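Participant: The structure follows.
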Amino acid sequence: MGTSWSAFAQGEKLMFDLRDLMKPHRIVLMLIFAAIVVWCAYTLRWDWIPTYAPLAIEGLWRTIWILIVTTVLGFFLAIPLGLAQAIGPWYLAAPAKVFCTIIRGTPLLLQIWLLYYGLGSLFPQIPWIRSSELWPYLRQAWPYAVLALTLSYAGYEGEVMRGAFSGVNKGQLEAANAFGMPRLTMFRRIWLPQAIRNVLPTLGGETILQLKATPLVATITVVEIYSVSSRVRADTFIVYEPLLLLAVFYMMIAGVITLLFRRFEQQVPGRATGK
Amino acid sequence: MEPLLELLGLAKSAELLSLSPPGWGGNLLRGLVNSLQIAFGAFGFGLVIGLFGAYGKLYGGVVIRDLLAIYTTVIRAVPELVLILILYYVGTDLVNKIAQAFGYGRVEISGVFAGIWVLGIVQGAYSTEVLRGAIQAIPQGQIEAARAFGMPSLMLMRRVTIPAMMSFAVPGLANLWLIATKDTALLAIVGFSELTLETRQAAASTRAYFTFFLAAGALYMMVTLFSGAAFNRIEKWARRGQPSLRGKN
């Protein structure tokens, strides 16, 4: 997926370059799209927006919050998973490999439902969990959503990081060793940063995939932006308008993620495209 | 006591998963067949779209190229779940409008066809990119040579472009096939009785959530592992005649 996503970023760069945008056929296309947008604004029903705006903003916030929390946590899980597969002994490498294969081999929806319905039906039967401090949280849906999405991101990223860790130039590590750098410092200051830099485009693509996975948590009653649109549809029987608006929201978030990762990529010394 | 309980627990699971009616195994297998049917159809439909899309992106005019760029960008930025809902409603509306125009009543659309239509359009965007990359990776001289011999463009596609790009496209297509099998699970939300929905229904009516979800996970894993092996063979076949980088064979 990584290569196709970096191709995507390049294509987008071409598309949004202002000089390229001012070609005659593109101006005509833009006028047609503007006309379609105006037509949508006038003929479709948008009167439900004021009623649902507060809920939608809350939902949007929760989508972004879930996305950020699960990518960060998932990434921290992915580092040991990648390391274990790249240099770990077999008793660490094998479980990490099995975990990544299972996560990548089964649908995320099934994983979410397994955790929510499975654990959710198991926990109430265990007395000490019910009396524990965590019980008020475990009764809600979002911990299961966060757990499932975190594990999923970790599974996919573990595979990416395996390649990233083994792709770092060996001479760099040997040089650090020769200077007597402690192993942890070497990992923190040389190995990890270079590994991350090598896979930044892939990570950007995977983060967008993670964004596209977030609406699945609506099926276990977490209220985020997708479930708000479902609610509008159920309440008012308006089908297309909320879905179209929803698609626009997701495209905007995906655009922001692309821009963010492009900023990160430009900070990589030696490969900066700004100069 | 402990192992005995575990044995009893497993016995209960086996009973729940048995193929004959008191067990739900038959339902799961029927769901799996539906899932695979939809995945096959969507993958094939996506390949057809992808082939045309790749040709359009590489050799089409400026307008076609821009429209295809919009298609692939939008499809890949919007969650599959949202696309499935939009395409599902658009598809049923369109079919019903056409049916009414010809004087028929409301038409019931089969879940398999709707799933293939919806997932196929999503797959098409990804396979456009995969096939475009693969076609670009073919040494330009091969296509030029075929043109120089006066090969008609359809024959050129059949005899030169497609065989030559296969080895570049197979890894990406394998990835897409796996995505297709897993995306069929999303159709559960629109109410198609594929594997994930059958599993949920079975789990909800027996309260044995772990048993059924783990069983379904195992079925999906089997599909994944089997397809991995199959695609390895296909890749070997597509690479036949090419020198191996490892030196041997």
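Each value in this text was obtained by applying a stated rule to the coordinates, not by laboratory testing. Quick caveat, the model's predicted, so the values are computed rather than measured. Please note: Cβ atoms are built from the backbone with ideal geometry, for glycine as well, and neighbour counts cover all protein chains shown.
Participant: Once you've got the GNM for chain B with C-alpha springs shorter than 10 Å, pick whichever of B:Ala145, B:Ala180, B:Ala218 has the biggest mean-square fluctuation.
Facilitator: Among B:Ala145, B:Ala180, B:Ala218, the largest GNM mean-square fluctuation belongs to B:Ala145.
Participant: Okay, moving on. Rounded to the nearest 0.05, what FRET efficiency is calculated for A:Gln125 and A:Trp90 with R0 set to 41 Å and r the Cβ-Cβ distance?
Facilitator: The value I calculate is 0.65.
Participant: 222 nm [θ] for the protein assembly as shown, helices only, -39500 (n - 2.57) per DSSP H run of 4+, per residue, to 500?
Facilitator: After summing the helix terms and dividing by the residues of the protein assembly as shown, the value is -25000 deg cm²/dmol.
Participant: If you don't mind, another one. If I fit a long axis through the Cα atoms of helix B:162-183 and take the longest principal axis of the Cα atoms of chain B, what angle between them do I get, 0 to 90°, rounded to 10?
Facilitator: The two axes meet at around 30 degrees.
Participant: Next question. Quick check for me: using +1 on Lys/Arg Cβ and -1 on Asp/Glu Cβ, what's the dipole size of chain A about its Cα centre, in debye to the nearest 20?
Facilitator: Roughly 660 debye for chain A.
Participant: Using a simple charge model, +1 on the beta-carbon of Lys and Arg, -1 on the beta-carbon of Asp and Glu, nothing else, what dipole does the protein assembly as shown show about its Cα centre, in debye to the nearest 20? Provide the component values of the computation, followed by the final result.
Facilitator: On the way: 43 positive and 27 negative charges, 311 e Å.
With only Lys, Arg, Asp and Glu charged at Cβ, the dipole is about 1500 debye.
Participant: Now, a different point. Compute the semi-axes of the equivalent ellipsoid of the protein assembly as shown, taking the square root of 5 times each eigenvalue of the Cα gyration tensor, and list them largest first in whole Å. Display every interim value, and only then the final one.
Facilitator: On the way: eigenvalues 260, 221, 146 Å².
So the three semi-axes of the protein assembly as shown are 36, 33, 27 Å.
Participant: With just the Cα atoms defining each centre, how far is the range A:204-273 from the range A:176-193? Give it in Å.
Facilitator: What the calculation gives is 37 Å, centre to centre.
Participant: Let me ask something else about it. Taking the Cβ of B:Gly56 as the center, what net charge do the other residues with Cβ under 12 Å away carry, scoring Lys and Arg +1 and Asp and Glu -1?
Facilitator: Within the 12 Å Cβ shell, the charges total +2.
Participant: Then there is this: Using all C-alpha to C-alpha distances in chain B, build P(r) with 5 Å bins and read off the rounded percent in each one.
Facilitator: 1, 6, 10, 13, 13, 13, 12, 10, 8, 6, 4, 2, 1, 1, 0, 0, 0
Participant: Just to be sure I understand: with springs between alpha-carbon atoms less than 10 Å apart, which residue in A:Ser132, A:Ser230, A:Ser152 has the highest mean-square fluctuation in the Gaussian network model of chain A?
Facilitator: A:Ser132
Participant: Work out from phi, with θ = phi - 60° and the Karplus expression 6.51 cos²θ - 1.76 cosθ + 1.60, the ³J(HN,Hα) of each residue of the range B:86-95, listed in order in whole Hz, and give x for Gly and Pro.
Facilitator: 4, 5, 5, 5, 4, x, 5, 4, 4, 4
Participant: Just in the range A:27-114: which chymotrypsin sites (Phe, Trp or Tyr not before Pro) are loop by DSSP and have at most 16 other Cβ atoms within 10 Å?
Facilitator: Of the chymotrypsin sites (Phe, Trp or Tyr not before Pro), the ones in loops of the range A:27-114 whose Cβ has at most 16 other Cβ atoms within 10 Å are A:Trp46, A:Trp48.
Participant: Moving on to the next point. Select from A:Leu60, A:Leu81, A:Leu110 the residue whose mean-square fluctuation is largest in a Gaussian network model of chain A (Cα-Cα springs shorter than 10 Å).
Facilitator: Looking only at A:Leu60, A:Leu81, A:Leu110, the largest GNM fluctuation is found for A:Leu110.
Participant: If you don't mind, there's one more thing I want to ask. Ordered by residue, what ³J(HN,Hα) values in Hz, to whole numbers, does the range B:125-141 give under the Karplus form 6.51 cos²θ - 1.76 cosθ + 1.60, where θ = phi - 60° and Gly and Pro are x?
Facilitator: For the range B:125-141, the Karplus-derived couplings read 5, 6, 6, 4, 5, 4, 5, 4, x, 5, 5, 5, 7, 5, x, 4, x Hz, x marking Gly and Pro.
Participant: Hey, another quick one. What's the tally of Lys pairs in chain A whose alpha-carbon atoms lie under 28 angstrom apart, where the two lysines are 8 or more places apart or on different chains?
Facilitator: 6
Participant: Tell me the relative contact order for the range A:52-266 as a rounded percent, counting alpha carbon contacts under 8 Å between residues six or more apart.
Facilitator: Working: 205 pairs, mean separation 66.7, N = 215.
Here the relative contact order equals 31 percent.
Participant: Can you give the direction-averaged projected area of the convex hull of the alpha-carbon atoms in chain A, in nm²?
Facilitator: 20.2 nm²
Participant: Okay, next question. Okay, which of the range B:222-245 sit inside 20 Å, backbone N to the point 7 Å along the Cα-Cβ direction of B:Asn175?
Facilitator: What the label zone holds, given the 20 Å backbone N cut-off, is B:224-239.
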